[in-house]
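Each remark here refers to the structure printed beneath this line.
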Amino acid sequence: MLYFTAAPFVINSEGAEVLGYIGLFSYDLNTKKSEHLDSELLGERVGQEKITYTKDYLKVDYKGYGPGQDFSEYPEEERVTYLQLDEDFLNFHVVKK
């Protein structure tokens, strides 16, 4: 039996970039294996807040940096991204950012 979940993750390059993503994963209870199915970039140095599942959509509330805001501060600009799940739950795509 497959279970699906969405989770935030961060990729830190060797440079100064710290990129925040939302990832879609499956977990097979029989084989005990997890698989990364899809991901969407949220932005650089974002503050993760909340992921909400509603019918065929994921709503991701997070904070990003506003114009002129210094990266030494915590991100303050509230943002929302809506991701629509495909029928098979193996992919998603941005419908509103």
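For this structure, a couple of remarks:
- Here G20, G43, G66 are screened, and the one residue that is part of a loop (DSSP other than H, G, I, E, B) and not β-branched (V, I, T) is G66.
- Flag if Y21 is at pLDDT 90 or above and of a type in the set (F, W, Y): yes
- Yes/no for L90 being touching a residue at least 60 places away in the same chain (Cβ under 8 Å), open to solvent by 60 Å² or more (accessible area, probe 1.4 Å) and either outside any strand (DSSP E or B) or among the aliphatic types (A, V, I, L, M) (or both): yes
- When the residues of segment 19-33 are filtered to those that are free of Cβ contacts under 8 Å to residues at least 24 places away in the same chain and exposed (fewer than 12 other Cβ atoms within 10 Å of the Cβ), the one that is nearest to P75 (Cα to Cα) is K33.
- In segment 59-74, the residue that is nearest to L2 (Cα to Cα) out of those that are modelled with pLDDT of 85 or more and open to solvent by 40 Å² or more (accessible area, probe 1.4 Å) is K59.
- Flag for A16 being more than 14 Å from G64 (Cβ to Cβ), open to solvent by 60 Å² or more (accessible area, probe 1.4 Å) and not polar (S, T, N, Q): yes
- The residues of segment 46-58 that are open to solvent by less than 70 Å² (accessible area, probe 1.4 Å) and either in contact (Cβ under 8 Å) with a residue 12 or more places away in the chain or closer than 11 Å to T81 by Cβ (or both), listed by number, are V46, G47, Q48, I51, D56, L58.
The values are calculated or read from the model by the stated rules, or taken from the named source; none is laboratory data. Note that the structure is predicted; figures quoted are calculated from it, not measured. Glycine also receives a Cβ, built like all others from the backbone with ideal geometry; neighbour counts cover every protein chain displayed. The accessibility values were calculated without ligands, DNA or RNA, using every heavy atom of the protein model including side chains. Shrake-Rupley method; radii C 1.70, N 1.55, O 1.52, S 1.80 Å.
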